[in-house]
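J.: To start, I am sharing the structure in question, which I have written as structure tokens.
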Amino acid sequence: MNEKQVAIGEMGGRGEGNWDGTPMAQLLRGALENCDTLEQALDYMRRRPRTCEYYYVISDGKSRTARGVAATPETFQVIKPAEAVPLLPEPVEDAVLLSEGKRYKLLVQRVRELHGRIGPEEMQRIITRNVAMRANLHDVIFAPPSLTLWIANASRHRPACDESFVKYTWDELFHH
């Protein structure tokens, strides 16, 4: 997340790809360093050569909207809130939900049950197992309008979603 209220989350896809592209971490850093809006971030990421398959959710706290992105080295598909696509056939109003198979169906079910009442604590419950994979290393919940985030990391024996989330604010992290 940057100070302009743009946040980007990512989920990896297949690892094979174009090794002459921009690695995911550098792509996200560049977008956050150079972009003030959701549209600018989408344009920045679309124009850069990419290495592997990744899925992103990009949000903008100023416009209070988000887009999903399914990206490979060759493709860049943007998914709007409540938009159905073949891999995501059950859209939810005012939401961009990315996952796959049974995890996607469970994610949709949990979001629909709490729709209109989802804050950081509810989101922590939504993304528990079996929405989260067993190999869930890191979870971050962003609140771009308030420049606040909650982070959980996996421990030796438990996925990130089963660990405690720690809240951070922009001012705590970056004293001006």
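Taken together, the values in this text are just the output of simple stated rules run on the coordinates, not laboratory data. Keep in mind it's a predicted model, so treat the numbers as computed, not measured. All Cβ positions, glycine included, derive from the backbone under ideal geometry; neighbour counts span all protein chains shown.
J.: How many nm is it between the label spots at residue 11 and residue 93, if each spot is 7 Å from the Cα in line with the beta carbon?
T.: Reported label-point gap for residue 11 and residue 93 is 2.4 nm.
J.: Tell me, 165, 174 in order of fewest to most beta-carbon neighbours within 10 Å? Write down the numbers at each step before the final one.
T.: On the way: 165 18, 174 10.
So the ranking, lowest neighbour count to highest, is 174, 165.
J.: Okay, moving on. Where the centre of each part is set by its Cα atoms, how far does the range 1-61 sit from the range 106-176, in angstrom?
T.: When both Cα centres are located, 20 Å separates them.
J.: For the range 96-176, which trypsin sites (Lys or Arg not before Pro) are in a loop by DSSP, counting at most 10 other Cβ atoms within 10 Å? All intermediate terms of the calculation are to be shown ahead of the outcome.
T.: Values: sites: 102, 103, 105, 110, 112, 117, 125, 129, 134, 156, 167; in loops: 117, 129, 134, 156.
Answer in residue order: 117, 134, 156.
J.: Using Cα-Cα distances under 8 Å and only pairs 6 or more residues apart, what relative contact order does the chain have, in percent? Intermediate values should be presented prior to the final figure.
T.: Details: 313 pairs, mean separation 28.8, N = 176.
Computed over the chain, the figure is 16 percent.
J.: Dividing the alpha-carbon radius of gyration of the range 100-176 by 2.2 N^0.38 Å (N being the number of residues), what value is obtained?
T.: On the way: Rg = 13.6 Å, N = 77, 2.2 N^0.38 = 11.5 Å.
Normalised by 2.2 N^0.38 Å, the Cα Rg of the range 100-176 equals 1.19.
J.: Compute the distribution of all C-alpha to C-alpha distances in the chain, in bins of 10 Å from 0, and list the percent of pairs in each, rounded to whole numbers.
T.: 9, 36, 41, 14, 0
J.: Right, next: Between residue 19 and residue 117, what's the calculated FRET efficiency when r is the beta-carbon distance and R0 is 41 Å? Round to 0.05.
T.: On the way: r = 44 Å, r/R0 = 1.08.
With R0 = 41 Å, the Cβ-Cβ based efficiency is 0.40.
J.: Moving on. Which value results for Rg/Rh of the range 1-98 when Rg is the Cα radius of gyration and Rh the Kirkwood radius based on the inverse mean 1/r?
T.: Working: Rg = 12.9 Å, Rh = 13.5 Å.
That ratio equals 0.96.
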